[in-house]
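Chemist: Below are the structure tokens for one structure; questions will follow.
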Amino acid sequence: SADIYRLFKGLAQMPVETFLVLHLDGKNRMVGMTTTSIGSMTSSLVHPRDVLMDQGFSSFEKNGYKYTIKSTKTGFTINADPIIPGKKGNRHFYVDESGVIRWSTKGRATRESPVLEDCH
């Protein structure tokens with residue numbers, strides 16, 4: 001959109017790399033923006049935790065699931081739980097900084113839940 005173009009047009013003039021996070025609503029309209037990292041002339045170091053844990057975006061609902069993102073001492077956890085179990089989904093999911101996705105049908109998934117095997 002024209003708003004996004006105007007917003008990012010100025011980035012080309014910046015003397016250093018800058019990592020921005022755009023916050024979108026359910027209709028993909030921009031509702032906010034955060035500068036997560038300002039780097040050097042050629043790079044910008046960004047940790048996923050910094051992107052995921054922005055204020056006000058640690059929990060949201062989409063496609064019948066509630067997503068909860070938490071920061072931990074070693075990284076992060078993300079839970080995806082059906083808002084109404086059995087209606088739009090009956091499995092609960094968990095992932096942390098290891099990247100291993102775990103699942104449960106008996107309630108919130110945790111680090112001890114079974115690993116979600118490759119579905120291909």
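The values are calculated or read from the model by the stated rules, or taken from the named source; none is laboratory data. Predicted, not measured: the structure shown is a model, and the values here were computed from it. Glycine also receives a Cβ, built like all others from the backbone with ideal geometry; neighbour counts cover every protein chain displayed. What goes into the accessible areas is simple: the full protein's heavy atoms, side chains included, and nothing from ligands, DNA or RNA. Shrake-Rupley method; radii C 1.70, N 1.55, O 1.52, S 1.80 Å.
Chemist: Between beta-carbons, use under 13 Å as the cut-off and find the net charge around T105, counting Lys and Arg +1, Asp and Glu -1.
Modeler: In short, +3.
Chemist: Another question about this same structure. Taking only protein heavy atoms and a 1.4 Å probe, what accessible area per residue, in Å², does the chain have with all protein chains in place?
Modeler: About 73 Å² of surface per residue is accessible.
Chemist: On to the next question. Taking 22 Å as R0, compute the FRET efficiency from the Cβ-Cβ separation of N90 and T68 and round it to 0.05.
Modeler: 0.80
Chemist: Regarding the chain, what whole-number volume in Å³ per residue does the convex hull of its Cα atoms give?
Modeler: Roughly 156 Å³ of hull volume per residue.
Chemist: What longest region of the chain stays clear of trypsin sites (Lys or Arg not before Pro) that DSSP places outside H, G, I, E and B and that have at most 11 other Cβ atoms within 10 Å?
Modeler: 30-72
Chemist: Right, something else. How much net charge surrounds P82 when only the other residues with a Cβ under 9 Å from the Cβ of P82 are counted, with Lys and Arg +1 and Asp and Glu -1?
Modeler: +3
Chemist: Would you mind telling me which residue in N79, N90, N63 has the biggest mean-square fluctuation in a Gaussian network model of the chain, where springs connect alpha carbons within a distance under 10 angstrom?
Modeler: Comparing N79, N90, N63 in the GNM, the peak value goes to N63.
Chemist: Using unit Cβ charges (K, R positive; D, E negative) and no other charged atoms, how large, in debye to the nearest 20, is the dipole of the chain about its Cα centre?
Modeler: My answer is approximately 460 debye.
Chemist: How many lysine pairs in the chain, separated by 8 or more positions in sequence or lying on different chains, have Cα atoms less than 26 Å apart?
Modeler: 18
Chemist: Among Y5, G75, H92, which residue has its Cα positioned farthest towards the positive end of the charge dipole of the chain, with +1 placed on the Cβ of Lys and Arg, -1 on the Cβ of Asp and Glu, and the dipole taken about the Cα centre?
Modeler: H92
Chemist: M33 to S58: extension gain in nm, 0.36 nm per residue of separation minus the Cα-Cα distance?
Modeler: Gain on stretching M33 to S58: 7.5 nm.
Chemist: Something else about it: Can you give the FRET efficiency for T42 and K9, using 1/(1 + (r/R0)^6), R0 = 30 Å, r = Cβ-Cβ distance, to the nearest 0.05?
Modeler: Calculated value: 0.90.
Chemist: Could you tell me the center-to-center distance, by alpha carbons, between segment 6-50 and segment 55-120 in angstrom?
Modeler: With segment 6-50 and segment 55-120 each reduced to a Cα centre, they are spaced 26 Å.
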